[in-house]
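Some notes on the structure that comes next.
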Amino acid sequence: MAEDGDGNHRLIELEDGRSGGFSSEDSSVIHSPWPGNLRARGPARDKCYSWQSDDVPDLPQDEEREWTQGRTRFSSFGGSDLELRWEALSMCSWQVSRKSQEAVQILTNVSGAARAGKITCILGPSGSGKTTLLNVLAGRQSGGHRHRIRITGQVWVSGSRVDPRAVRSRMAYVMQKDEMFATSTPTEALSFSASLRLSGPRDRKELISELLGSLGLRSCSHTYIGNAVLNGLSGGQRKRTAIGVELITRPDIVCLDEPTSGLDSFAAYQVMSVLKDLGKAGCTIICTLHQPSSEIFALVDQVICLCDGRCLWAGDREQMVGYFSTVGYPCPVGFNPADFVIFLMQTEPKSKTDELTQIWTRKHAEAAAFCSESSLTSPYDEHELCRTPKVRSGFSTAQKGFGQQLRQLAKRELRAVVRDRTTLAVRVTLSVVLTFLFGLVFQGVGRTILETKDQNIFDQMWTGLTYAEVTALRKRKLEWHFNALVQVALVAMFSACQPVILTFPLERPVFLREYSSGTYSVLPYYLSKMVVEVPLVFVQSLMTLGLCYVVMSLNGNFWALLWTIVLLSVCSVSVALAISCAVRQPRETGAVGPLVFVPQMLFSGVFIPVSHMPVYLRWMQYFSFLQYAIKVLGIVEFRHVPHKELVLDAQDILEDSLWVYVGLLVLMVLIFSLTGIQMLRNKATHLF
């Protein structure tokens, strides 16, 4: 691989007629810090792919080899040459306690610049403010009284002063954690992002193909992304996929929060090599690094050193060692400069780091005095800083319509459910096992005593019981019959809510990432969950009732009972989604869930009539959707059963209020759904 006149890498023919390709430790290696020709690995390969440069490519597949011939990575990117500058950025957060309000200074007068075609690295130890600075520059940090955060300073883009939030459409932000659907493939992840974030005449498949090739993902383009439970891509491949999802809009500025975190040294080098090529294509790259290796640090062009939220030094990487030598901290020969500076910031006393900060502040002020102020006070340029997404090469980042969002989201949700066979098997097994167990316990409970005068006489003659005793026995059997219905309702409620409570909180970070990038809005996302869950709970309800109806010898209309159970399950799902939207951490759902569903049973009137409860607790019955579902089931099941008033009156069930109970169930579904949607919107708005 050689460089053309613009410094871009291109594939070249080797002396023996062989051509270069891409490779990886798992068939997608992008770069290597070691020179020399490396032979392609893997069985049954009769050709050798080599590079003349620091890049090691290896694409074993013929279509990948064909794609890479004469191509430049990220050839359709760049061209805008945006330069990002900031002066005196400060951020203060207020922590309110019971007696006082304490201000915490997170950033203090931080200045710097990020140039087009360069990688700018924000370097510093943990807690130095790296991610906070990146969030402010990327427009991802909200300020104001509501968030108890105050942000001051000035930011310029290509010489025009802006609010960073106004240019978010021209920025890509890659989070530290790779939050993606584990059951999707890289191709599907890029296609989903493109279908909701791009529009225009240009073929999206061509852009997706370019990204897969440029990121070294073509050989694993149909492999599941995976997670801690589901095997899939390697850590480096997953990180490159996350980068590709955000690059789908071809942004001018790319911000990455610790892109090498959690990766081994070579996988981290591959990721940074991709960013290096992206920078050579003309993009402005800003990333935070915690402890880069020597090979990774050599790829960086500019460095900003942060210590306790203050700038210790900023400039070209080659000048960093010389600067610290002039202020009395020479870097030993053979040491990694990045490790040296980070160790310096963590071991030197605060008085020394304050002194270094003041020295750099004076030098920066002196340098700024010689600069022309015209570059910082140019009039507002609407073309450079328009608040609406800029259209380039047939692309637009305007958000798609509601129908398109719902269709794509439902498609992805359905695909995830079908591919997650373990969770699907657990749902089916839970319903079948519990239903079969309860069916055996209440076997034949639906058979009733014939209501005839002769039967009453027969019972009294052969049992020796009085009429009142026979009536009491009949009432007891009807209660057993009613309790069987209660168990069916409980199985339906818990079978529907449990999978949602366990899985949705884990998927919520994916929503927050995609929502913050403007991929879709809250309502279609929430509805897509319901669109997929409703058929699932219908199948579960059909299995539950189908088995119970036969084994328990139930008497009510089968379809009326089925739709009642489906409505109960949908209400249970809406409650579970609302809980999952409300909690801060996924592990909290295990504690909040019982606090919501246990009172459903207590105030359903099954164990004790509501009229016998304390007056100050009776109002809670109106929030028990289980109560309304059981009442509907009781009316349908006992419609033609003799002496039904014995059980209906005992449970405070009014047969004439059937449709009132159904309407209340529907209303509960709407209330809990709207609550979940609002909570999810508040969560996303608060974070971004």
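Report whether or not Ser495 is among the hydroxyl-bearing types (Ser, Thr, Tyr), crowded, with 17+ Cβ neighbours inside 10 Å, over 30 Å from Gly244 (Cα atoms) and at pLDDT below 90. Give the derivation first.
On the way: among the hydroxyl-bearing types (Ser, Thr, Tyr): yes; crowded, with 17+ Cβ neighbours inside 10 Å: yes; over 30 Å from Gly244 (Cα atoms): yes; at pLDDT below 90: yes.
Yes, satisfied.
If you take the residues of the range 641-655 that are in a loop (DSSP other than H, G, I, E, B), under 16 Å from Leu485 (Cα atoms) and touching a helix residue (DSSP H, G or I) at 6+ places or on another chain (Cβ under 7 Å), which of them is modelled with the highest pLDDT?
Here the answer is Ile653.
If we scan the range 328-337, do we find a residue that is touching a residue at least 12 places away in the same chain (Cβ under 8 Å) and either part of a loop (DSSP other than H, G, I, E, B) or over 28 Å from Arg73 (Cβ atoms) (or both)?
Yes, the range 328-337 contains a residue that is touching a residue at least 12 places away in the same chain (Cβ under 8 Å) and either part of a loop (DSSP other than H, G, I, E, B) or over 28 Å from Arg73 (Cβ atoms) (or both).
Kindly indicate the residue of the range 498-526 that is in contact with a Cys (Cβ under 9 Å, 6 or more places away or on another chain) and either open to solvent by 10 Å² or more (accessible area, probe 1.4 Å) or among the hydroxyl-bearing types (Ser, Thr, Tyr) (or both) and also farthest from Glu645 (Cα to Cα) among those meeting that condition.
Among residues in the range 498-526 that are in contact with a Cys (Cβ under 9 Å, 6 or more places away or on another chain) and either open to solvent by 10 Å² or more (accessible area, probe 1.4 Å) or among the hydroxyl-bearing types (Ser, Thr, Tyr) (or both), the one farthest from Glu645 (Cα to Cα) is Arg508.
Being touching a Lys or Arg at 6+ places or on another chain (Cβ under 8 Å), closer than 25 Å to Lys177 by Cβ and not aromatic (Phe, Trp, Tyr) narrows it down to one of Leu502, Leu512, so name that one.
Leu512
Scan the range 602-620 for residues that are open to solvent by 40 Å² or more (accessible area, probe 1.4 Å) and either of a type in the set (Gly, Ala, Ser) or touching a residue at least 60 places away in the same chain (Cβ under 8 Å) (or both) and jot them down.
Ser611, the sole residue that qualifies.
Is it the case that Val660 is buried (at least 24 other Cβ atoms within 10 Å of the Cβ), part of a helix (DSSP H, G or I) and modelled with pLDDT of 90 or more?
Against the criterion (buried (at least 24 other Cβ atoms within 10 Å of the Cβ), part of a helix (DSSP H, G or I) and modelled with pLDDT of 90 or more), Val660 does not qualify.
Answer with yes or no whether Arg618 is in a loop (DSSP other than H, G, I, E, B) and of a type outside the set (Ser, Thr, Tyr).
Spelling it out, it is not the case that Arg618 is in a loop (DSSP other than H, G, I, E, B) and of a type outside the set (Ser, Thr, Tyr).
Of the residues in the range 250-286, how many are touching a residue at least 40 places away in the same chain (Cβ under 8 Å), in contact with a strand residue (DSSP E or B) (Cβ under 7 Å, 6 or more places away or on another chain) and not in a strand (DSSP E or B)?
Qualifying residue count for the region: 11.
Of the residues in the range 621-640, how many are outside any helix (DSSP H, G or I), open to solvent by 10 Å² or more (accessible area, probe 1.4 Å) and of a type outside the set (D, E, K, R)? Lay out the reasoning, then the answer.
Restricting attention to the range 621-640, the residues satisfying the condition of being outside any helix (DSSP H, G or I) are 624, 638-640.
Filter again for open to solvent by 10 Å² or more (accessible area, probe 1.4 Å), leaving 639-640.
When the remaining residues are screened for being of a type outside the set (D, E, K, R), the result is 640.
Matching residues across the range 621-640 total 1.
Which one is nearest to Val491 (Cα to Cα) among residues in the range 580-612 that are within 23 Å of the chain's Cα centre (by Cα) and not in a helix (DSSP H, G or I)?
Val583
Just give me the residues in the range 161-206 being more than 30 Å from Val104 (Cα to Cα) and hydroxyl-bearing (Ser, Thr, Tyr), in sequence order.
Those that are more than 30 Å from Val104 (Cα to Cα) and hydroxyl-bearing (Ser, Thr, Tyr): Ser169, Thr183, Ser184, Thr185, Thr187, Ser191, Ser193, Ser195, Ser199.
Output the number of the condition that Met668 fails; it satisfies all remaining conditions of (1) touching a Leu at 6+ places or on another chain (Cβ under 9 Å); (2) open to solvent by less than 20 Å² (accessible area, probe 1.4 Å).
Unmet condition: (1).
Being at pLDDT below 60 and either surrounded by 18 or more Cβ atoms within 10 Å (Cβ to Cβ) or in a loop (DSSP other than H, G, I, E, B) (or both) is the filter here, so list the residues in the range 385-431 that pass it.
Of everything in the range 385-431, those that are at pLDDT below 60 and either surrounded by 18 or more Cβ atoms within 10 Å (Cβ to Cβ) or in a loop (DSSP other than H, G, I, E, B) (or both) turn out to be Leu385, Cys386, Arg387, Thr388, Pro389, Lys390, Val391, Ser393, Gly394, Phe395, Ser396, Thr397.
Within the range 556-579, does at least one residue satisfy the condition of being under 23 Å from Val445 (Cα atoms), assigned by TED's automatic domain parsing to the domain that holds Glu637 and not in a helix (DSSP H, G or I)?
yes
How about the range 111-221: which strands (runs of 3 or more DSSP E) wholly inside it have at least 3 residues that are open to solvent by less than 20 Å² (accessible area, probe 1.4 Å) and in the same structural domain as Leu306 (by TED's automatic domain parsing)?
Here the list reads 119-123, 149-157, 171-174.
Quick check: anything in the range 448-466 out of contact with any Lys or Arg (no Cβ under 6 Å at 6 or more places or on another chain), of a type in the set (Val, Ile, Thr), closer than 30 Å to Tyr549 by Cα and modelled with pLDDT of 75 or more?
Checking the range 448-466: not a single residue is out of contact with any Lys or Arg (no Cβ under 6 Å at 6 or more places or on another chain), of a type in the set (Val, Ile, Thr), closer than 30 Å to Tyr549 by Cα and modelled with pLDDT of 75 or more.
The values are calculated or read from the model by the stated rules, or taken from the named source; none is laboratory data. Keep in mind that what you see is a predicted model, and the values were worked out from it rather than measured. Reconstructed Cβ throughout: ideal geometry from the backbone, glycine too, with neighbour counts over all protein chains shown. Each accessible area value is taken on the protein alone, full model and side chains, heavy atoms only, with ligands, DNA and RNA left out. Shrake-Rupley method; radii C 1.70, N 1.55, O 1.52, S 1.80 Å.
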